[in-house]
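> One structure, as structure tokens, below. Some questions next.
The values are calculated or read from the model by the stated rules, or taken from the named source; none is laboratory data. Computed from a prediction, not measured in an experiment: that's the story for all the values here. Cβ coordinates were reconstructed from backbone atoms using ideal geometry, including for glycine residues, and neighbour counts include every protein chain displayed. Note: accessible area is taken over every heavy atom of the protein model, side chains too, but ligands, DNA and RNA are not part of it. Shrake-Rupley method; radii C 1.70, N 1.55, O 1.52, S 1.80 Å.
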Amino acid sequence: MTTAVTGGLRADSAELRGFRQVQRLAYECAEAVAARLEPGITEREAARMQREWLRERGVRDWFHLPFAWFGDRTAFVNFRIPLQFFPTNRRLEPGMPFILDMAPVYDGYTADIGYSGSLGINPVQDKLMADLEAHRELILREVRERRPLREIYEDVDRLMVRQGYANRHRAYPFGVIAHKVDRVEQRRWSAHVFGFGTQSLKGLASDALHGHREGWSPLWSPYRFSDHPPQPGLWAVEPHLGFRGTGAKFEEILVVTDSGDPEESAFWLDDDLPHVRRWAEER
Amino acid sequence: MTLENARERRVRTGGVELCVAELGDPGQPTVILVHGYPDSKEVWSEVAPRLADRFHVVLYDVRGHGRSTAPKPLRGGFTLEKLTDDFLAVADAVSPDRPVHLVGHDWGSVQSWEFATVKRTEGRIASFTSMSGPSLDHFGHWISNRIKRPTPRRVGQLLGQGAKSWYVYALHTPVLPELAWRGPLGKTWPRILERLEKIPGAGYPTSSLPTDAAHGAWLYRDNVRTRLRRPRTDAYAHAPVQLITPLGDAFLSERLYDELELWVPQLTRRTLAAKHWIPRSRPDQLVAWITEFVTSVEGGRPEGVTATGKYADRFGGQLVLVTGAGSGIGRATAYAFAEAGARVVAVDRDAEAASRTAEMSRLIGAPAAWAETVDVSDEQAMEKLAEKVATEYGVVDVLVNNAGIGLSGSFFDTTPEDWKKVLDVNLWGVIHGCRLFGKQMAERGQGGHIVNTASAAAYQPSKALPAYSTSKAAVLMLSECLRAELAGQGIGVTAICPGLVNTNITSTAHFAGVDAEEEKRRQKKSARLYGLRNYPPEKVADAILRAVVRGEAVVPVTPEARGAYLMSRFTPRALRRIARLEPPL
């Protein structure tokens, strides 16, 4: 059973505190693992490092198992089938960009985060990261305006093209830029299928079922089923830029409520995240 | 003589007196230029003065050539050991305390390979730029490798180089070569050169040619057989080497250098679409590459982004101008050239988009990139741009006339204004580009390449695109005519016919004969259609670079463009039938 997070969410509610806590934990994990990356490490090893770090801190279930992408895999070059998302034996080299992506469930709360970095200096990825700031602002603004998700998606797309990049979240399943996350019931055994936790998939499926009846979708995609205003709840948003062999993304939770006040109607769950701090420092 | 302001001196060594010329400030790094066969130091007369701004440039006549004296007797006087003595004597005379940068062409390169790989010159050579002259030792190993382990391909390479080396056998004939050079061949050589290599005479070759060529025959006789039979096994370069390979060289095959990495730990490869005598035909490019290489070895340049892209050997340091570089195919093309290390001028009428392209180009490998805002259909603006580019950045090596707009609608819906607009941009833009930048290229006389973006619509009629197709067909024909005209000057012209490519041309295209709302709808619909087709502009950019490297004439890119191209040649009636179909909009 999943508890649907609906309207009336306030920034200081216990519910959101739980989500914020697990999201912070995940970003801490990303930073810890990123600091330990060195030349020669494979994607599989990096993914295992994330898994172990989180397990040690009590994570037992996953929305999806941690991913790690190195080099041109950060831009999903030649990705055709979803199996290519899984970590490979690609080794990290100096200057290479990398992305760590994980979605742990902790205490019944889910996070889904993406962390971009590079081993040493990578000016291209730095540029991509800097340009992602505009997307974070655009998404929040247009969600507050209650524009249809599909339209926002197209605006994000257009901004990427204007910035000179390719939209890489098109390569995700259903081309999603975001998906809903919910509370997940803790089980003693957490099974997963193809890297996705069954409990979370169940939640997503039931959302899809409800949504289908009510005319909305838990997946934020470029397709017609996303042609509806933002549905209250928690959305893990992941704009992903690609520029030739380099990719960069962030992923974090956007809270959408049914409040009439624009400020309260949508807000980022947490503003104290590595990429946000980085933009603040650059200013 | 053509080497103006050169300070001459004589250096005595091993029974001969070498004529040495110096240009530039002796305080700067020394670059020694070594000439080939049958030449004298004057073969460098276009290169040396251009290098003299930055370097201390030294040239010498190889023994028995130009104004240097010949050994007596000639036989045995031209061995690589003796040539190495000469080089060391010159180097000690002009740069006693500092290692020198070597540049060799043809036989000058062959002997410089000896200098750069023997023990006794270690520490005297800082870098070596080799063109059109392999190491005889490497060549010997190359041959024996192919004889020992013959595969069809390797035998083919052996036979190919064997055929190209006909003159080497000829020069081993006693007396006859000397007679020919002192007689008819010596007289007609300048004309032969001009015809075969398309290089202007201008004081080259010098009047000493017949004796130079006669003496130089001993270079071959004293060295080739012995070295090829028993090549040295320790011929490893002790300095960084830059290899410049002219692709149209009649005497040397590119394949000769396939295994060069084994011998040279620090190797930079460059290729050039030119024939054998590049010091005459491509001085600017050589000067740019030599300057860059020498400077990087001297450590005078901070380590920038290195070009890692495909064809970096070919486009590194070249100047490429792309119109319509603010989006789509133009932007992808600018990036592809940037990745190959070219300097990029990104031209677009959208200033912000152009500067974005330039900025990103610098991040991915372009040593420099500039943005220019111009509407290509504006004649005066284009003239101003051409002037500015020539004075500030130089003559363009590759010009990509890519800017274009879309226009759809039946013939009778297309107004005269529509026609004018589409022809102004799509056709006149290309005409202005070719006229202004192509002219600079032709006047410089050092080759280049023009790429015009036509379209599959150029040969595929359609009732929905009469004006657009007409403009593009004109671009195609213009390109082919210009290609014929510029062929003699080493300038290639390519027409690219992409087909359905996922760019924003669809969302900015004008749909004639419908109201604004319907136009919006059709733009959206066609954009979606192109998006579904999802052929990336990057692939078109790759095709453009490949076409420039190969010198292709007409390049349809997407499978449907290639299919239509085949149909237009073999089943034009079927294609005309298709033209009648209603487009799915």
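> Jot down the per residue volume, in cubic angstrom and as a whole number, of the convex hull over the alpha-carbon atoms of chain A.
Numbers: hull volume 34.5 nm³, N = 283.
Roughly 122 Å³ of hull volume per residue.
> How high is the FRET efficiency from residue B:384 to residue B:85, r the C-beta distance, R0 45 Å, rounded to 0.05? Show your work: numbers first, answer last.
Details: r = 57 Å, r/R0 = 1.26.
So, using R0 = 45 Å, E works out to roughly 0.20.
> In terms of Cα to Cα distance under 19 Å, which lysines are near enough to residue B:187, apart from those fewer than 8 places away along the same chain?
List returned: B:198.
> Could you give the size of the charge dipole of the stretch A:115-196 about its Cα centre, using +1 on the Cβ of each K and R and -1 on the Cβ of each D and E, expressed in debye and rounded to the nearest 20? Could you put the intermediate results ahead of the total?
Details: 15 positive and 12 negative charges, 62 e Å.
Roughly 300 debye, rounded to the nearest 20.
> Another question, then. If you take each beta carbon of peptide B:527-534 and count the beta carbons of other chains within 10 angstrom, what is the mean? Numbers along the way, then the final one.
Values: counts 0, 1, 0, 0, 3, 0, 0, 1.
Other-chain Cβ atoms within 10 Å of each residue's Cβ, averaged: 1.
> Near the amide H of residue B:319, under 5 Å away, which other amide H atoms are found, from residues 5 or more places off or on another chain, if H is placed in the peptide plane?
Those qualifying (amide H under 5 Å, at least 5 residues apart or on another chain) are B:343, B:397, B:398.
> When the Debye formula is applied to the Cα atoms of the protein assembly as shown, each taken as the same point scatterer, what base-10 log of I(q)/I(0) results at q = 0.05, 0.10 Å⁻¹?
The computed values of log10 I(q)/I(0) come out as -0.38, -1.12.
> Provide the per-residue ³J(HN,Hα) series for the stretch B:93-98, in order, calculated from phi with Karplus coefficients 6.51, -1.76, 1.60 and θ = phi - 60°, each as a whole number of Hz, with x at glycine and proline positions.
6, 9, 8, x, 10, 10
> Which loop GluC sites (Glu not before Pro) in the stretch B:1-100, with loop taken from DSSP, have no more than 16 other Cβ atoms within 10 angstrom of their Cβ? Let's see the in-between values first.
Working: sites: B:4, B:8, B:17, B:22, B:42, B:46, B:81; in loops: B:4, B:46.
Passing both the DSSP loop test and the Cβ count: B:4.
> Shifting gears a bit: Any idea how far the Cα center of the stretch B:309-388 sits from the one of the stretch A:214-283, in Å?
34
> Can I ask one more? I'd like the orientation of helix B:351-363 relative to chain B: the angle between its Cα long axis and the longest Cα principal axis, in ° from 0 to 90, rounded to 10.
That works out to roughly 40 degrees.
> Now for a separate question. With a ≥ b ≥ c the root eigenvalues of the C-alpha gyration tensor of the stretch B:148-210, is it rounded (a/c under 1.5), prolate (a/b larger than b/c) or oblate? Present the calculation step by step, with values, prior to reporting the outcome.
On the way: a/c = 4.16, a/b = 1.83, b/c = 2.27.
The shape class here is oblate.
> Related question: Compute the angle between helix B:107-117 and the longest alpha-carbon principal axis of chain B, please, reported from 0 to 90 degrees and rounded to the nearest 10.
Relative to chain B, helix B:107-117 is tipped by roughly 80 degrees.
> Hey, what do the phi angles of the stretch B:240-246 turn into as Karplus ³J(HN,Hα) couplings, whole Hz, using 6.51/-1.76/1.60 and θ = phi - 60°, x for Gly and Pro?
Going residue by residue, I get x, 10, 10, 9, 10, 10, x Hz, with x marking Gly and Pro.
> Given a 1.4 angstrom probe, I'd like the percentage of the accessible area of chain A that is carbon and sulfur, rounded to a whole number.
Working: 6300 of 12240 Å².
Carbon with sulfur: 52 percent of the solvent-accessible area.
> Could you report the buried accessible area between B and A, both sides summed, computed with a 1.4 Å probe and given in Å² to the nearest 100? Please report the intermediate quantities before stating the final value.
Numbers: alone 25480 and 12810 Å², together 37170 Å².
The contact between A and B buries close to 1100 Å².
> Any idea what diffusion coefficient the stretch A:1-110 gets from Stokes-Einstein, in µm²/s, Kirkwood Rh on alpha carbon pairs, 10 °C, 1.306 mPa s?
Values: Rh = 15.2 Å.
Using the Kirkwood radius from Cα pairs, D works out to 104 µm²/s.
> Could you give the length gained by full extension between residue B:359 and residue B:484, i.e. 0.36 nm per residue of separation minus their alpha carbon distance, to one decimal place? Don't skip to the end; give the middle numbers.
Working: separation 125, 0.36 × 125 = 45.00 nm, distance 3.61 nm.
My answer for the length gained is 41.4 nm.
> Among the aspartates and glutamates, select those whose C-alpha is under 15 Å from the C-alpha of residue B:119, and discard any that sit fewer than 8 residues away in the same chain.
Answer for residue B:119, where 15 Å is the Cα cut-off: B:81, B:85, B:137, B:234, listed by chain and number.
> How high is the relative contact order of the stretch B:146-264, given as a whole-number percent (alpha carbon pairs under 8 Å, six or more residues apart)?
Numbers: 59 pairs, mean separation 37.6, N = 119.
It rounds to 32 percent for the stretch B:146-264.
> Still on this structure, I have one more. Skip the ligands, DNA and RNA, and give the accessible area per residue of the protein assembly as shown with a 1.4 Å probe, whole Å².
In whole numbers, the protein assembly as shown has 43 Å² accessible per residue.
> Partner chain Cβ atoms within 10 Å, averaged over the residues of B:360-368 - can you pull that number for me?
Average neighbour count from other chains, rounded to a whole number: 3.
> Would you work out which of B:265, B:16, A:260 lies farthest towards the positive end of the dipole of the protein assembly as shown? Charges go on Cβ: Lys and Arg +1, Asp and Glu -1.
B:16
> Now for a different question. Once you have a ≥ b ≥ c as the square roots of the Cα gyration tensor eigenvalues for chain B, tell me rounded if a/c is under 1.5, and otherwise prolate or oblate according to whether a/b is larger than b/c. Don't jump to the answer; show the numbers that get you there.
Values: a/c = 2.43, a/b = 2.13, b/c = 1.14.
Here chain B falls in the prolate category.
> Which of the lysines could a cross-linker span from residue B:524 if the Cα-Cα distance has to be under 28 Å and same-chain partners fewer than 8 positions apart are dropped?
Candidates past the 8-residue exclusion: A:249, B:420, B:421, B:463, B:472, B:539.
> Right, next: Under the classification rounded if a/c is under 1.5, otherwise prolate if a/b is larger than b/c and oblate if not, where does the stretch B:218-303 fall, given a ≥ b ≥ c as square roots of the Cα gyration tensor eigenvalues? Intermediate results must be reported in sequence, preceding the final value.
Working: a/c = 2.12, a/b = 1.29, b/c = 1.64.
Judged from the Cα gyration tensor, the stretch B:218-303 comes out oblate (a/c at least 1.5, b/c at or above a/b).
> Order these peptides, B:396-403, B:248-255, by their mean beta-carbon neighbour count within 10 angstrom, highest first.
Numbers: B:396-403: 27.9, B:248-255: 16.0.
Descending packing order for the listed peptides: B:396-403, B:248-255.
> Would you mind working out the magnitude of the charge dipole of chain B relative to its Cα centre, with +1 at each Lys and Arg C-beta and -1 at each Asp and Glu C-beta, to the nearest 20 Debye?
Numbers: 73 positive and 64 negative charges, 463 e Å.
Result for chain B is approximately 2220 debye, rounded to the nearest 20.
> How high is the FRET efficiency from residue B:195 to residue B:269, r the C-beta distance, R0 35 Å, rounded to 0.05?
Details: r = 30 Å, r/R0 = 0.86.
The calculated FRET efficiency here is 0.70.
> Using the basic label-point model (7 angstrom from Cα toward the beta carbon), what is the residue B:173 to residue B:539 distance in nanometres?
Inter-label distance under the simple model: 5.5 nm.
> Work out the mean other chain Cβ neighbour count within 10 Å for the residues of B:569-582 and drop it here as an integer.
For this peptide, the per-residue mean of nearby foreign Cβ atoms is 0.
> Amide H of residue A:181: which non-local residues (sequence gap of 5 or more, or other chain) have their own amide H closer than 5 Å, using H built in the peptide plane?
A:234, A:235, A:236
> Give the peptides B:210-218, B:408-416 in descending order of average Cβ contacts within 10 Å, highest first. Don't jump to the answer; show the numbers that get you there.
Values: B:210-218: 22.6, B:408-416: 15.2.
Top to bottom by mean Cβ count within 10 Å: B:210-218, B:408-416.
> Continuing with the same structure: Among B:104-111, B:146-153, what's the highest-first ranking by average C-beta atoms within 10 angstrom per residue? Present the calculation step by step, with values, prior to reporting the outcome.
Values: B:104-111: 26.6, B:146-153: 10.5.
Per-residue Cβ counts within 10 Å, averaged per peptide and sorted highest first, yield B:104-111, B:146-153.
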